[in-house]
Amino acid sequence: WFAFPLQRYLPDHKGPRAISELPLHVSTVVPTIKDMFERHTISSSDAASHRRIYASLIADLCEPGRVEVRRPQLNWGRIWLWVAQIKGKDRDTVFLLNHDILQTNERRERRKQSLSPLCPMCHLNNETTTHLMLWCPLRAETASWLQRMLTGLRCTSPLPDAIHGDIGECPDPRTTYALLQAYISGTWKKRTQLSVPSVSELEELWRKLLQNRLSVSSSKHDYP
């Protein structure tokens, strides 16, 4: 699918020469790939540089391009130590959330990949990362549950800070980080299905994460 629209940029790549209609997952990303070729972010002759591609994708966030500049009040050193210890796809989801580059409708609309920035669930506000995770009215029950659980774990950070992993002087970081991971990954997975997780689904995911971590030998350096 990619070979035909990108054949000018990939002259040595053999692919289809006749297509009827590009699928959505191709037509939405091809303009971004072409733009990267034209700006020499990636080249047809060299191996793609993940650093250059990543820098290009977050270039519209702020100058000098580091998310820490936007939220200097957060303990980013501790947050990144937590993210580094997450396994599998959940690490990518939490990493993208912290950089505000989850593919929400607001971000997709800015990149001309969506016709509307509105939340596809409530259709009331733009779908920002914070709206998606905390403020969408259809997620009020799960957001309230998260707040109650964090309060019970003695996390005193404001909810918008805590969702990024800034849990303050919480006495049980293992359980608290597992809670945040379950909430973030569960919410995003259901978002890709245009659905909302139930509290019971999030509780089950949280329980499984804790069981997995307890089954691995731990040390005092497990969590920052």
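Would you check which residues across segment 66-107 are open to solvent by 20 Å² or more (accessible area, probe 1.4 Å) and part of a loop (DSSP other than H, G, I, E, B) and list them?
Within segment 66-107, 66, 71, 72, 73, 75, 87, 88, 100, 103 qualify.
Which one is modelled with the lowest pLDDT among residues in segment 156-186 that are part of a loop (DSSP other than H, G, I, E, B) and either of a type in the set (Val, Ile, Thr) or closer than 20 Å to residue 198 by Cα (or both)? Even if it seems obvious, please write down each step before you answer.
Let us first name the residues in segment 156-186 that are part of a loop (DSSP other than H, G, I, E, B), namely 156-158, 163-172.
Applying the additional criterion that residues be either of a type in the set (Val, Ile, Thr) or closer than 20 Å to residue 198 by Cα (or both) yields 156, 163, 167.
Values: 156: 90, 163: 97, 167: 96.
Out of the qualifying residues, it is 156.
Hey, residue 152 hits all of (1) closer than 20 Å to residue 74 by Cβ; (2) open to solvent by 10 Å² or more (accessible area, probe 1.4 Å); (3) over 16 Å from the mean Cα position of the chain (by Cα); (4) not acidic (Asp, Glu) but one; which does it fall short on?
(1)
The values are calculated or read from the model by the stated rules, or taken from the named source; none is laboratory data. Just so it is clear, the model here is predicted, and its values are computed rather than measured. Virtual Cβ from ideal backbone geometry, glycine too; neighbours counted across all protein chains shown. Surface areas here come from the heavy atoms of the whole protein model, side chains and all, with no ligands, DNA or RNA. Shrake-Rupley method; radii C 1.70, N 1.55, O 1.52, S 1.80 Å.
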